[in-house]
Amino acid sequence: MDLLTTISGSLMEGFFPAGWDLKKIDACVDDDPKTIAKRQKWWHRGFEPVPCKSYEDFDTMMGHEIALTIRRSRDAGEKLALILPVGPMGMYRWAVYFLTEWGVPCDHVFGFNMDEWSDAKGNTLPPTNPGAFQYAMQQAFYGPLGKLTVPVKNRHFATRKVLPTYADRMGEVRAAGARLTVIFGIGRVCHIAFWEPHFAGEFASEAEWKRQTHRLGARLHPLTIEQNAITSFKSRTTLVPAYANTIGPGLFLKADKIIGGADGTLARGMMWQGLSLWMTLRHEPSPWIPSTYMPTQPGRLFYLEDLAGPLIAECN
């Protein structure tokens, strides 16, 4: 007895994105956690999953990867466009540490935050609100870098006015020789940024879906709301906006390099991201599961080993 055998007639019927085959999704999970990094035929030859034994290892290793990418671009005399997430966050402290230790100025970097909370019309939280992603980036990354920081004019946030200009601004920077690195986390429903799986039902083809650069006032899936209630709002669901502004696959699938992170464990064996990680790595690319496209690009995905499982019942 499980969800697959009891979903008919339940309140869960029709809850998941229409394109999800729950039986196929469940089959993505292997009983042996060690097989999670087994290469799949659709992975880019330059894609690598990187296991981390602890939160401390995860934050340090992912932060080092970000800092090293920034340093190498500077050493090469290149500009660097970074698409930046707010979640995960712990790696920014270590990125700041390494950049500061190495004395690497970041005036060659252009930062594009991938999303921001909004209302249905795309109006966003003020940058002084502690729940705003712009506030989080200032506190975690731009501010602590001090005199080495990314120039204010090079920082872009997903507001109603600025987000629609991202594609053109990135295009200008890349035309000037910049490379694009996409830093990302994986949502409970396998979104990248707040590009939700149910958006797939709006497009006639995968090609049309892939062309979408952004969305203002994106309607969020209930699982996304609850994920963020747990991870960012101290369980207080009533504080979480139901909409967000977000980049789309027309931007996050254009990377020269990706740096991903999955650290969604809680305590006493509890977690929220294990299935999402297995789906990302094992399900073939599908617009209904946006994160499945990330392994088709070169780069590294850092993940906590505990997320590999085994994903079996354990009463807490």
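Take every DSSP beta bridge with both residues inside the chain and express the antiparallel ones as a percent of the total, to the nearest 5. Walk me through the numbers before you get to the answer.
On the way: 12 of 39 bridges.
Among the beta bridges of the chain, antiparallel pairing accounts for roughly 30 percent.
With the full set of protein chains in place, find how many percent of the accessible area of segment 232-313 is carbon and sulfur; take the probe as 1.4 Å.
54
Which entries of 24/234; 38/254; 23/121; 153/254 have Cα-Cα distances beyond 26 Å here? Write out the running numbers ahead of the final one.
On the way: 24/234 33 Å; 38/254 24 Å; 23/121 36 Å; 153/254 23 Å.
Over 26 Å apart, Cα to Cα: 24/234; 23/121.
Lys/Arg Cβ at +1, Asp/Glu Cβ at -1, dipole of the chain taken about the Cα centre: which of 145, 304, 294 is farthest positive-ward?
After comparing all options, I get 145.
Relative contact order for segment 1-116: what is it in percent, counting Cα pairs under 8 Å that are at least 6 residues apart?
Numbers: 71 pairs, mean separation 27.4, N = 116.
For segment 1-116, the relative contact order is 24 percent.
How much of the DSSP bridge set in segment 180-268 is antiparallel, in percent, rounded to the nearest 5? Kindly include the intermediate steps, with their values, before the conclusion.
Details: 5 of 10 bridges.
Here the share of antiparallel DSSP bridges comes out near 50 percent.
Mean separation of Cα pairs under 8 Å and 6+ residues apart, divided by the residue count of segment 170-286: what relative contact order is that in percent?
Values: 152 pairs, mean separation 40.6, N = 117.
Contact order relative to length: 35 percent.
Treating only the Cβ of Lys, Arg, Asp and Glu as charged (+1, +1, -1, -1), what charge dipole size does the chain show about its Cα centre? Round to the nearest 20 debye. Working shown, then result.
Details: 34 positive and 32 negative charges, 205 e Å.
Approximately 980 debye in magnitude.
Tell me, in nm to one decimal, what length is gained between residue 313 and residue 256 on full extension, where the rule is 0.36 nm per residue of separation less the Cα-Cα distance? Present the calculation step by step, with values, prior to reporting the outcome.
On the way: separation 57, 0.36 × 57 = 20.52 nm, distance 3.92 nm.
Net length gain for the segment: 16.6 nm.
Heavy-atom accessible area per residue, the chain, 1.4 Å probe: how many Å²? Write down the numbers at each step before the final one.
Working: 14780 Å² over 316 residues.
For the chain, the solvent-accessible area averages 47 Å² per residue.
Among 67, 187, 264, pick out the residue whose Cα is farthest towards the positive end of the charge dipole of the chain, where Lys and Arg carry +1 and Asp and Glu carry -1 on C-beta, about the Cα centre.
It is 67, whose Cα lies furthest towards the positive end.
Calculate, for residue 78 and residue 210, the FRET efficiency according to 1/(1 + (r/R0)^6) with r their C-beta to C-beta distance and R0 22 Å; round to the nearest 0.05.
Values: r = 26 Å, r/R0 = 1.18.
After rounding to 0.05, the efficiency reads 0.25.
Roughly to the nearest percent, how much of the accessible area of segment 128-196 is carbon and sulfur, given a 1.4 Å probe?
On the way: 1470 of 2890 Å².
After summing per-atom areas, the C and S share lands at 51 percent.
Tell me the mean residue ellipticity at 222 nm calculated for the chain from its helices only (DSSP H runs of n ≥ 4, each -39500 (n - 2.57), averaged over every residue, nearest 500).
Rounded to the nearest 500, it is -7500 deg cm²/dmol.
Label-point separation (nm) for residue 45 and residue 296, each offset 7 Å from Cα along Cα-to-Cβ?
1.8
Kindly rank 306-315, 56-65 from highest to lowest mean number of other beta carbons found within 10 Å of each residue.
Working: 306-315: 13.8, 56-65: 20.1.
Listed from highest to lowest mean packing, they are 56-65, 306-315.
How large is the dipole of segment 129-205 about the Cα centre if only Lys and Arg carry +1 and Asp and Glu carry -1, each at its Cβ, rounded to the nearest 20 debye? Each step should come with its number before you reach the end.
Numbers: 9 positive and 4 negative charges, 72 e Å.
Roughly 340 debye, rounded to the nearest 20.
With r defined as the distance between the Cβ atoms of residue 54 and residue 284 and R0 fixed at 25 Å, what FRET efficiency is calculated, to the nearest 0.05? Provide the component values of the computation, followed by the final result.
Working: r = 31 Å, r/R0 = 1.25.
Using R0 = 25 Å, I get an efficiency of 0.20.
Which residue fluctuates most in the GNM of the chain (Cα springs below 10 Å): 227, 273, 138?
138
Given the options 238, 69, 292, which has the most mean-square fluctuation in a GNM of the chain, springs set between C-alpha atoms less than 10 angstrom apart?
Comparing 238, 69, 292 in a Gaussian network model of the chain, the most mobile one is 238.
The values are calculated or read from the model by the stated rules, or taken from the named source; none is laboratory data. None of these values were measured; they are calculated from a predicted model. Neighbour counts are summed over all protein chains in view; Cβ atoms, including those assigned to glycine, are modelled from backbone coordinates with ideal geometry. Only protein heavy atoms, including side chains, enter the accessible area calculation; ligands, DNA and RNA are left aside. Shrake-Rupley method; radii C 1.70, N 1.55, O 1.52, S 1.80 Å.
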